[in-house]
Each structure stands twice: as structure tokens, then as C-alpha cells.
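Take a look at the structure set out below.
The values are calculated or read from the model by the stated rules, or taken from the named source; none is laboratory data. Values in this document were obtained by computation on a predicted structure and should not be read as measured data. Cβ: placed from backbone, ideal geometry, glycine included. Neighbour counts: every protein chain shown. All accessible areas refer to the heavy atoms of the entire protein, side chains included, with ligands and DNA or RNA removed. Shrake-Rupley method; radii C 1.70, N 1.55, O 1.52, S 1.80 Å.
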Amino acid sequence: MSSLEYLAYPVIVANHRQSTTMKKKLDIGDYLSHKNKLELARPRVDNKPPRAQTHHHFKMSKIQEEQKKIGRIERENKQLAERLATIQRGTGMVDCWNEYFQRSSNREKQNREMVRITVENQGILKRLGDPKPTYDRRKSEIDWQACIIILFLETLFATIVRLTRLRR
């Protein structure tokens with residue numbers, strides 16, 4: 001490092017703490033220690049695999065659920081084996097009599113409701129089968145005849161008016 005670099009930016013206010021020689025000595029010392037560290041530095045490549053973290057690969061809750069399921073299956077198998085053993089030791093008897101009859105205290109109410117709905121449906125069907133007209137057919141025919149007469153008279157009047165205008 002030359003002294004010209006330090007003269008490029010001269011000190012504006014000179015005091016004993018801003019002397020360029022002291023600053024130059026400190027800078028050169030820092031620079032040399034940096035250069036020494038660069039020479040000692042060696043290139044390194046980390047070629048080791050990353051640390052295995054098992055909680056990323058194995059879910060403990062799933063493993064526990066699987067163990068519970070296996071335990072339940074083993075218990076059920078043991079119970080079935082005990083039952084089969086008692087069946088083979090004992091005499092052959094039917095022990096599965098299905099004596100349950102479906103009872104409903106609500107059956108009567110349901111029957112009454114079904115009868116009521118059936119009667120309502122029959123009444124609706126009867127009303128749909130016997131429709132009565134909402135307008136009088138004779139009255140509508142009389143109105144239609146009156147409309148035809150009016151149309152005929154209007155056309156007759158229009159032709160008479162046209163003929164009288166042509167003769168004038």
C-alpha cells in the first residue's frame with residue numbers, strides 16, 4: 001500500500017487520533033492478517049448425507065393405531081379359539097334361537113295415518129275424474145256469433161265508405 005492512497009482523501013481536521021501513519025499501520029496489519037487467513041483456507045465439500053430424522057418418515061400415531069388394531073385382532077382370535085374349543089369339548093346343540101319378534105307401539109298410529117292418507121288420495125282422484133267446466137259453452141258461442149256479426153258489419157261499412165269516396 002502506498003502513501004498516495006492515504007493522500008487521496010486527506011484529513012480535514014488533523015489531530016493526534018487522525019494521523020495517517022497510525023491508520024496506515026493498522027490497515028496494513030488488517031490486510032496482512034486477511035491475506036494470511038486466505039492462504040490457510042482450504043476448500044471443503046460436505047459429502048455426508050443429511051441427518052436422518054425419523055419423525056419425518058414414521059408417524060407415531062399411525063404406528064400406535066396399527067398396534068391397537070393388531071392387539072384387537074389377536075384378542076378376537078383368542079376369543080374365537082376359546083369358543084371353538086368349548087364347542088368341540090361339549091355336545092352339539094343349537095344355541096342360536098332367534099326369538100326376537102318386532103314389536104312396535106306406534107303401529108296403530110301408523111295404520112290410522114295410512115288410512116287417512118288413502119281416503120284423502122281417493123277424494124282427490126274422484127275430484128280429478130269429474131271436472132266441471134268453469135265457463136258456460138252456450139254463452140261463449142253467443143259471444144262468438146256476436147263478434148262475427150260485428151266483423152261482418154264493419155267490413156261492409158268500410159266497403160260502402162270506400163265506394164262512396166271513389167264516386168265523388
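Stretched out straight at 0.36 nm per residue, the stretch from Ser105 to Trp144 would grow longer than its current Cα-Cα span by 7.5 nm. Extending 7 Å from Cα along the Cβ direction at Arg112 and again at Ala158 yields two label points whose distance is 7.1 nm. Once Rg and the Kirkwood radius are both taken over the C-alpha atoms of the range 129-168, their ratio Rg/Rh works out to 1.44.
What is the gain in length, in nm to one decimal, between Lys132 and Gln79 on full extension, counting 0.36 nm per residue of separation less the C-alpha to C-alpha distance? It would help to have the intermediate numbers written out before the result.
Numbers: separation 53, 0.36 × 53 = 19.08 nm, distance 7.51 nm.
The span from Lys132 to Gln79 would gain 11.6 nm if fully extended.
Between Thr54 and Lys35, the contour length at 0.36 nm per residue exceeds the Cα-Cα span by 2.4 nm.
Computed over protein heavy atoms with a 1.4 Å probe, the carbon and sulfur contribution to the accessible area of the chain reaches 59%.
Where the eigenvalues come from the Cα gyration tensor of the range 32-138, what are the semi-axes √(5λ) of the equivalent ellipsoid, largest first, in whole Å? Intermediate values should be presented prior to the final figure.
Working: eigenvalues 1304, 419, 22 Å².
Working through the eigenvalues yields semi-axes of 81, 46, 10 Å.
Annotation for the range 33-63: trypsin sites (Lys or Arg not before Pro) lying in DSSP loop with at most 16 further Cβ atoms inside 10 Å of their Cβ are Arg44, Arg51, Lys59. Per residue, the solvent-accessible area of the range 99-167 (1.4 Å probe, heavy atoms of protein chains only, all protein chains present) comes to 108 Å². Of the residues Asp27, Asp46, Asp130, the one that moves most in a GNM of the chain with alpha-carbon contacts below 10 Å is Asp27.
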